[in-house]
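The values are calculated or read from the model by the stated rules, or taken from the named source; none is laboratory data. Worth saying up front: this structure is predicted, and the values here are computed from it rather than measured. Cβ coordinates were reconstructed from backbone atoms using ideal geometry, including for glycine residues, and neighbour counts include every protein chain displayed.
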Amino acid sequence: MKKVTLLIVACIATLVLQAQNLLVNPGFEQWVDGKPTGWIFDKTVATITPETTIAVTDTSLKVVATGTYWVTQNVTVTPGKTYTLKMSYYIGAGDGTDFRIWSNFYNMSGTTQVWATMTTADSLALKGPGGNNLTAYFPNETGVWKTYEYEVVAPAGFTNFSFQVRAYSAATIYLDDFSFAEKAAPSPTPIVTTLWENGATAGRLPKWFLTTTNKTRGIGASNDYVYVATRDGLNGKNVFVYNAATGDSVAALNTTDITLGTFALNDVGVTEDGKIIVASLGANTNFKIYMYDNMTATPTVLLFYPEAAPGGRTGDLFTVTGNYSRGTAKIFTASATAPSQIWVLEMENGVWKTERTLVATMSSDVTAAVAACVAPKPDGSMYWKAAGQSFKFIKADGTIDALGAGFSLYSNSIKYIGHSEKFNLDYVALFTYGGGKECAEIVSLTPGDLSTCKLIARTPSIGTNANVGGTGDIAVRYDATGNPIIYMVSTNNGFGAYKIQGLELSPLTALKTAVDNVNLDIYPNPATGVVYLSDMATNVKLFSVSGQLVKEAFMTRSLQVDGLKGVYVMQIEAQNGRATKRLIIK
């Protein structure tokens, strides 16, 4: 009785992403002693020859069978991963019972092959066209090349796959272009758009921006304004304000009360509700953090270490997250001495704490961590980077990835952009310096897996002036549709704004804790001032796209959103279930 075929029933016209073919000599191009190398031939009831006239590539395998003839190759697989099986065939002559595939997953137990069960859908589909069909043959379509493909998941516990094709008596078959490859994960295709540049390349540097002093190195952004921290200009301590949409000059902060420190003012950041944070650089003494309520206010001191700050030199760069009005704002700093330490200043009962908390201590091999910076994620984990140092990952419990990634060593400031559920990727932005760079780079990686780091996009070089200290900074905001806007400053070269599209960010990923099970609507959307709910909610939470809680209300059918702008996520709990909605606020 003729056995069952192992390939595919219908031609699947889906795009197959390129991946490494696990088969050796898949096109039957190499022959030794009358046989194509890499393949096993289990029977002698056929004549096989290389054929160049009828071939997809240069050479095909011609099989003229006088009985059941097996062509086999075995490969190693990883359980749980998806593989694409593909082959081209040409029926020269036959009666409709000419050939089929006869493949399966297996394990080796000594010298014995232990085959996977035939009850799984994938195994059954591999046994014949149409799936679950153990007796079918390939259609008797003579005189034309055909291609069959099938995607299959390697079952748990099985580490081998046998790719086997069987030809039967009186059949003449041509085989070519075989493939068995792990299906490549879909990947983003970022598009970088320059919104504006006040830079050397564009010839639009502000008068105060000097190109040889290495004194402009910090940037922060709200939804409306960009803040540039510099020691250029009057009194050597300035924060200049620019329109976030156009790059036009708006104002300058009052820095009269900014005093002390190795550099009195070195970096700037902004909370999600627009509170402006500035800090000194404290190499030995006088590390200070300040907050401005708004652009016309005078700064309030949040933290002051008149002696050496815990952790040593700090304030080169810092990262601000959260919402001050809601008590969720945080300020992350990282020291530059060995071993580099990460500290966070948090809020409690609506006010800033009086001391920072040590979050993590880097390994002692992190020696000269110039311009160390961290990129916190909503789940409490963090990415860490410093100039000349490898990329590090700190888990939510404070433990540190032992290896790190030697990726973009000539970079320092790092900011977390977000996560894509579609691609299962985290994205971070890095300021990168050196020849042909002076730009922001977008890096993707599987969350927490530094071995998967990949450079996927880069903003244009903003200038070619020498950046001796390799200093610069990045801030991230989002447009009305959730695309990140990268604000970047490069010492001696300028600053600019860039939109990144195509990352497919998933603002809901880190926020959903249960499956939506109720049909609740919100309106209007986009909203201004207030957003209404279609039913009474017992609890409503409004999150930023970075996962920070912005507003919360109870027993309501509306939510005031005055003073907010951008893309947010609403988690709504009602008597009969929950819903998660994406909200745009104008």
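Results for (1) part of a loop (DSSP other than H, G, I, E, B); (2) surrounded by fewer than 16 Cβ atoms within 10 Å (Cβ to Cβ); (3) assigned by TED's automatic domain parsing to the domain that holds GLN560, shown as yes or no for each residue.
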| residue | (1), (2), (3) |
| --- | --- |
| ASP316 | yes, no, no |
| VAL320 | no, no, no |
| THR328 | yes, no, no |
| THR333 | no, no, no |
| THR337 | yes, no, no |
| TRP343 | no, no, no |
| THR354 | yes, yes, no |
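Residues of region 565-586 that are in contact (Cβ under 8 Å) with a residue 60 or more places away in the chain and not in a strand (DSSP E or B): LYS565, LYS586.
Restricting attention to region 568-582, the residues that are out of contact with any Pro (no Cβ under 6 Å at 6 or more places or on another chain) and crowded, with 20+ Cβ neighbours inside 10 Å total 5.
Identify all residues within region 157-195 that are assigned to a strand (DSSP E or B) and charged (D, E, K, R); write none if there are none.
Listed by number, the residues that qualify are ARG166, ASP176, ASP177, GLU182.
Within the group ILE289, ILE277, which residue is buried (at least 22 other Cβ atoms within 10 Å of the Cβ), in contact with a Gly (Cβ under 6 Å, 6 or more places away or on another chain) and among the β-branched types (Val, Ile, Thr)? Exactly one of ILE289, ILE277 is buried (at least 22 other Cβ atoms within 10 Å of the Cβ), in contact with a Gly (Cβ under 6 Å, 6 or more places away or on another chain) and among the β-branched types (Val, Ile, Thr), namely ILE277. Kindly establish whether PHE263 is in contact (Cβ under 8 Å) with a residue 24 or more places away in the chain, surrounded by fewer than 23 Cβ atoms within 10 Å (Cβ to Cβ) and aromatic (Phe, Trp, Tyr). The answer is yes for PHE263.
Just to check your reading of the model, which residue among ASP273, ASP293 is assigned by TED's automatic domain parsing to the domain that holds ALA329, under 30 Å from ASP479 (Cα atoms), under 34 Å from the mean Cα position of the chain (by Cα) and in contact (Cβ under 8 Å) with a residue 60 or more places away in the chain?
Numbers: ASP293 fails: in contact (Cβ under 8 Å) with a residue 60 or more places away in the chain.
It is ASP273.
Of the residues making up region 40-70, those that are within 19 Å of VAL24 (Cα to Cα) and in a loop (DSSP other than H, G, I, E, B) number 6.
Just wondering, is there one or more residues in region 277-294 that are out of contact with any strand residue (DSSP E or B) (no Cβ under 9 Å at 6 or more places or on another chain), of a type in the set (Val, Ile, Thr) and farther than 15 Å from TRP343 by Cβ? Scanning region 277-294 turns up no residue that is out of contact with any strand residue (DSSP E or B) (no Cβ under 9 Å at 6 or more places or on another chain), of a type in the set (Val, Ile, Thr) and farther than 15 Å from TRP343 by Cβ.
When MET347, MET362 are checked against the criterion of being modelled with pLDDT of 90 or more and either of a type outside the set (Asp, Glu) or closer than 26 Å to GLY398 by Cβ (or both), MET347 stands alone in meeting it.
Does PHE158 satisfy being closer than 21 Å to ILE48 by Cβ and not small (Gly, Ala, Ser)?
Working: closer than 21 Å to ILE48 by Cβ: no; not small (Gly, Ala, Ser): yes.
Spelling it out, it is not the case that PHE158 is closer than 21 Å to ILE48 by Cβ and not small (Gly, Ala, Ser).
Right, ASN412: touching a residue at least 40 places away in the same chain (Cβ under 8 Å), assigned to a loop (DSSP other than H, G, I, E, B) and farther than 30 Å from ASN525 by Cα or not? No. Kindly check whether there is at least one residue in region 377-391 that is hydroxyl-bearing (Ser, Thr, Tyr), over 24 Å from VAL268 (Cβ atoms), in a loop (DSSP other than H, G, I, E, B) and out of contact with any Leu (no Cβ under 9 Å at 6 or more places or on another chain). The answer is yes, given that some residue of region 377-391 is hydroxyl-bearing (Ser, Thr, Tyr), over 24 Å from VAL268 (Cβ atoms), in a loop (DSSP other than H, G, I, E, B) and out of contact with any Leu (no Cβ under 9 Å at 6 or more places or on another chain). Given the structure, is PHE240 part of a loop (DSSP other than H, G, I, E, B) and aromatic (Phe, Trp, Tyr)? For PHE240, the condition - part of a loop (DSSP other than H, G, I, E, B) and aromatic (Phe, Trp, Tyr) - is not met.
Taking region 423-486 as the region of interest, the strands (runs of 3 or more DSSP E) fully inside it that hold 3 or more residues being surrounded by fewer than 21 Cβ atoms within 10 Å (Cβ to Cβ) are 454-458. Contact map, region 470-483: first residue closer than 14 Å to GLY418 by Cα, second residue assigned to a strand (DSSP E or B) and polar (S, T, N, Q), Cβ cut-off under 8 Å, separation 6 or more or different chains; pairs are ASN483/GLN501.
Within region 312-329, the residues that satisfy the criterion of being of a type outside the set (Val, Ile, Thr) and either more than 23 Å from THR230 (Cα to Cα) or modelled with pLDDT under 85 (or both) are GLY312, ARG313, GLY322, ASN323, TYR324, SER325, ARG326, GLY327, ALA329. Every condition in (1) within 25 Å of THR211 (Cα to Cα); (2) touching a Gly at 6+ places or on another chain (Cβ under 9 Å); (3) aromatic (Phe, Trp, Tyr) is met by TYR498 except one, and the failing one is (2). Note on region 317-341: residues that are small (Gly, Ala, Ser) and closer than 18 Å to LYS565 by Cα total 3.
Quick grid of which residues meet (1) of a type in the set (Gly, Ala, Ser); (2) under 46 Å from the mean Cα position of the chain (by Cα); (3) surrounded by 13 or more Cβ atoms within 10 Å (Cβ to Cβ); (4) assigned by TED's automatic domain parsing to the domain that holds MET87:
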site	(1), (2), (3), (4)
PRO36	no, yes, yes, yes
TRP39	no, yes, yes, yes
VAL45	no, no, yes, yes
ILE48	no, no, yes, yes
VAL56	no, yes, yes, yes
ALA65	yes, no, yes, yes
TYR69	no, no, yes, yes
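Are any residues in region 221-231 of a type outside the set (Lys, Arg), surrounded by 20 or more Cβ atoms within 10 Å (Cβ to Cβ) and assigned to a loop (DSSP other than H, G, I, E, B), and if so, which ones? Matches in region 221-231: SER222 only.
Restricting region 158-216 to residues that are touching a residue at least 60 places away in the same chain (Cβ under 8 Å) and of a type in the set (D, E, K, R), the residue that is nearest to HIS419 (Cα to Cα) is LYS183. When the residues of region 71-101 are filtered to those that are exposed (fewer than 14 other Cβ atoms within 10 Å of the Cβ), assigned to a loop (DSSP other than H, G, I, E, B) and not polar (S, T, N, Q), the one that is nearest to the chain's Cα centre (by Cα) is LYS81.
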